[in-house]
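The values are calculated or read from the model by the stated rules, or taken from the named source; none is laboratory data. This structure is a prediction, so every number in the text was calculated from the model and none was measured. Glycine gets a Cβ as well: all are built from the backbone with ideal geometry, and neighbour counts include every protein chain shown.
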Amino acid sequence: MIWNRDLLLLLHQLLGQIRPRHLPEETVLALHKLLQNTFIAALDLVDRGHVIRNKTPWGRTTYEVRSASNTRGDSYRVFMAKDITLQNTPMMTASDGTTSASIPEDSLGFCSCPAFAYAVLASKTHVMCKHLLAAHLADRLDKFTDRTSTEEHIFAPETS
């Protein structure tokens, strides 16, 4: 699927429909149709409790998502860009006079996993990996483990 700004806007709208502990059925169906197996895998990560919200001493929030198999203890760092909403998104006008929201391509965030590097950044076949989507879902559903991080933990090298 080729991702464009209209699809990103739709994805933002769908994620915006999710409330703590409430994922509407129509939103589930739409997200599954749009993101397919990535959505199913992300839901599995959330259901297994693999999403950790880290709060830094200086107020920044990041997420850590453990690998689905978690046999080696792999986890990936996720940085979400949650500050873009429909209310503060600039509008752009096309040559035909129609307007649409102007959402930056990186507005959904970043993940340190290899799938994000390949499928999102290099080949552009996906708009996000399952870890980034799991962080968005866990955040909206309020279903994550909270952890206050120390500087040592934040700056520690990732294990692979």
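Restricting to segment 15-27, give me the number of residues that are within 15 Å of the chain's Cα centre (by Cα) and surrounded by fewer than 17 Cβ atoms within 10 Å (Cβ to Cβ).
Number satisfying all stated conditions: 2.
Just give me the residues in segment 41-71 being of a type in the set (D, E, K, R) and modelled with pLDDT under 90, in sequence order.
Within segment 41-71, LYS55, ARG60 meet the criteria.
Would you pick out the residues in segment 1-59 that are small (Gly, Ala, Ser), without any contact (Cβ under 8 Å) to a residue 60 or more places away in the chain and either in a helix (DSSP H, G or I) or under 21 Å from SER123 (Cβ atoms) (or both)?
Across segment 1-59, the qualifying residue is only ALA30.
Take SER112 and decide whether it is at pLDDT below 90, of a type outside the set (D, E, K, R) and on the phi < 0 side of the Ramachandran plot.
no
Only residues in segment 75-87 that are assigned to a loop (DSSP other than H, G, I, E, B) count as the first member; pair them with residues that are modelled with pLDDT of 50 or more, Cβ under 6 angstrom, at least 6 apart or cross-chain, and list the lot.
Final answer for the pair search is MET80/GLY109; MET80/ALA135; ALA81/SER107; ALA81/GLY109; ILE84/SER107.
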